[in-house]
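J.: Quick one: the structure is below, questions incoming.
The values are calculated or read from the model by the stated rules, or taken from the named source; none is laboratory data. As the structure is a prediction and not an experimental result, all values here were calculated from the model. No Cβ is skipped: glycine too gets one built from the backbone with ideal geometry, and neighbour counts run over all protein chains shown.
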């Protein structure tokens, strides 16, 4: 048995054998990773927490991420409860929206790790461009998920939340539907309200 092993070792130590092994390893390492999702549409989402909710927002609608503490922001008198305030980003004023309050969930204090996400979309039949910032308590990660793996929300979730969520993952992350969110007439605050 030991003679066989030493014979195999001796044959592997030939320079051409070593070169062949190294070339094969290089070919294996140079291959592009296989796409684990072979069928079904996928969606890349940025995950975050907001109060007790775990949310994911499609990255295609997120244009900027900023820590709230890095900016001077102000509360706005007489604004709806879901507008936390306004912030100046590169000489443009954006409203800061708290989704939990907008959805009628209990308000929560601002986190030290709070961030704002600049999101853009279209509103209404005229496809009016809209930009605003969404408040997050923290940022978790960016991940890709299969839309087929999303489950419907349980009936205990309010209809207002259900109107803006595509589904829920097995780890209880609600995935925001930006298209329905931006088409909601209640996100537009006009002077007469």
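J.: Restricted to region 70-113, and to residues that are on the phi > 0 side of the Ramachandran plot and free of Cβ contacts under 8 Å to residues at least 12 places away in the same chain, which residue is farthest from the chain's Cα centre (by Cα)?
T.: Only one residue tops the list, namely 78.
J.: Among 131, 126, which is more than 19 Å from residue 50 (Cβ to Cβ), surrounded by 13 or more Cβ atoms within 10 Å (Cβ to Cβ) and over 13 Å from the mean Cα position of the chain (by Cα)? Steps first, answer last, please.
T.: Values: 126 fails: surrounded by 13 or more Cβ atoms within 10 Å (Cβ to Cβ).
None of the other options fit; the residue is 131.
J.: Assess whether residue 168 counts as being under 14 Å from the mean Cα position of the chain (by Cα) and either modelled with pLDDT under 90 or assigned by TED's automatic domain parsing to the domain that holds residue 61 (or both).
T.: Details: under 14 Å from the mean Cα position of the chain (by Cα): yes; either modelled with pLDDT under 90 or assigned by TED's automatic domain parsing to the domain that holds residue 61 (or both): yes.
Yes: the conditions hold for residue 168.
J.: Could I ask something else about it? Every residue in region 167-185 that is surrounded by 11 or more Cβ atoms within 10 Å (Cβ to Cβ) and either over 20 Å from residue 52 (Cβ atoms) or without any contact (Cβ under 8 Å) to a residue 60 or more places away in the chain (or both), please. Quick ask: steps written out before the conclusion?
T.: Taking region 167-185 as the starting set, the residues that turn out to be surrounded by 11 or more Cβ atoms within 10 Å (Cβ to Cβ) are 167-169, 173-184.
Once the filter is applied, which keeps residues that are surrounded by 11 or more Cβ atoms within 10 Å (Cβ to Cβ) and either over 20 Å from residue 52 (Cβ atoms) or without any contact (Cβ under 8 Å) to a residue 60 or more places away in the chain (or both), region 167-185 yields 167, 168, 177, 178, 179, 180, 182, 183, 184.
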